[in-house]
Amino acid sequence: MSYTIKVNGAARTVDAEGDTPLLWVLRDLMDLKGTKFGCGLALCGCCTVHLDGSPIRACVTPIAAVGSKEITTIEGVGNTPVGKKVQEAWLALDVMQCGYCQAGQIMSATALLNTKPKPTDRDIDDAMSGNICRCATYTRIRAAIKQAAGLPTTDTREA
Ligand code: FES
Ligand code: FES
């Protein structure tokens, strides 16, 4: 079946079964390989993209469920004001280690700052808890989110 979905501001048409995960549509049919496959079970967060601004796991989102909603991926998020700030903070603080999880981390962080421009540590914990990093870059991720938000980058949680 043919589906036309909006990705990073452009309408894209693909032939796919309705239950094809959005992740494979993006990677295999649209050649947008920045969104990564980790678990395929909505457990790791590395396939995170935005659906009308909300973070979703592309590995468990069938293309038929997208409809007329807008998809934003790591390839497009830098064109948004908040996404650009987040990416700049990521680079400035050298957040990445192997990098595999980082597209998903940036997408979740950007969605957080779009809804909460000055997040608390608890807000950051809640928003980022589904994004796993095998390299354990969590401290730098937290600092980069705060830097992008214009907040002090120290951790203010109680021990
Ligand atoms: S690959 Fe989608 S959450 Fe892990
Ligand atoms: S930077 Fe390696 S998994 Fe997160």
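The values are calculated or read from the model by the stated rules, or taken from the named source; none is laboratory data. Treat the numbers as computed from the prediction; the structure is a model and nothing was measured. Cβ atoms come from the backbone with ideal geometry, glycine included; neighbour counts cover every protein chain shown. With ligands, DNA and RNA removed, areas are computed over all heavy atoms of the protein, side chains included. Shrake-Rupley method; radii C 1.70, N 1.55, O 1.52, S 1.80 Å.
Would you kindly derive the ³J(HN,Hα) couplings of the stretch 112-125 from the backbone phi angles with the Karplus curve 6.51 cos²θ - 1.76 cosθ + 1.60 (θ = phi - 60°), listing them in order in whole Hz, with x for Gly and Pro?
4, 6, 5, 9, 9, x, 10, x, 7, 4, 5, 4, 5, 4
Which angle between 0 and 90 degrees, to the nearest 10, do you get for helix 138-149 versus the longest principal axis of the chain when only C-alpha atoms count?
90
Using the Karplus equation 6.51 cos²θ - 1.76 cosθ + 1.60 (θ = phi - 60°), what ³J(HN,Hα) coupling, rounded to whole Hz, does each residue of the stretch 54-63 give in order, writing x for Gly and Pro?
Whole-Hz 3J(HN,Hα) from phi for the stretch 54-63: 8, x, 10, 8, 5, 6, 10, 10, x, 4.
Before anything else, pin down the relative contact order of the stretch 48-103: Cα pairs under 8 Å, at least 6 apart, normalised by residue count, whole percent.
29
Note down the Stokes-Einstein diffusion coefficient of the stretch 21-92 in µm²/s, whole number, using a Kirkwood radius over alpha carbon pairs, 37 °C, and 0.692 mPa s.
My calculation gives 262 µm²/s for D.
If one puts a single equal scatterer on every Cα of the stretch 44-159 and applies the Debye formula without solvent, what log₁₀ I(q)/I(0) results at q = 0.19, 0.20 Å⁻¹?
-0.95, -1.05
Given Cβ point charges of +1 (Lys, Arg) and -1 (Asp, Glu) and nothing else, what value in debye, to the nearest 20, does the dipole of the chain about its Cα centre take?
Magnitude of the dipole: close to 320 debye.
Treating only the Cβ atoms of Lys and Arg (+1) and Asp and Glu (-1) as charged, compute the dipole magnitude of the stretch 65-159 about its Cα centre; round to the nearest 20 debye.
80
Can you pull the percent of the stretch 19-159's accessible area that's carbon plus sulfur, 1.4 Å probe, other chains left in place?
So the carbon and sulfur contribution to the accessible surface is 55 percent.
Mind checking which aspartates and glutamates have their C-alpha under 19 Å from Lys84, skipping anything on the same chain fewer than 8 residues away?
Within the straight-line limit of under 19 Å, Lys84 reaches these aspartates and glutamates: Asp52, Glu70, Glu75, Asp94.
Relative contact order (percent) for the stretch 1-72, with alpha-carbon contacts under 8 angstrom and 6 or more residues of separation?
37
Could you rank the peptides 113-125, 42-54 by their average count of other C-beta atoms within 10 Å per residue, with the highest value first?
Order by mean packing, descending: 42-54, 113-125.
Would you pull out the residues with amide H under 5 Å of Glu70's amide H, same chain only if 5 or more places away, H placed 1.01 Å from N?
Here the answer is Asp52, since their amide H atoms fall under 5 Å of that of Glu70.
Normalising by the residue count of the stretch 48-159, find the relative contact order in percent from Cα pairs under 8 Å and 6+ residues apart.
27
Please name whichever of Gly45, Gly18, Ile141 sits farthest to the positive end of the charge dipole of the chain, dipole taken about the Cα centre and charges placed at Cβ: Lys and Arg +1, Asp and Glu -1.
Ile141
Could the peptides 76-83, 14-21 be put in order, highest first, of the mean number of other beta-carbon atoms found within 10 Å of their residues?
Output ranking for 76-83, 14-21: 76-83, 14-21.
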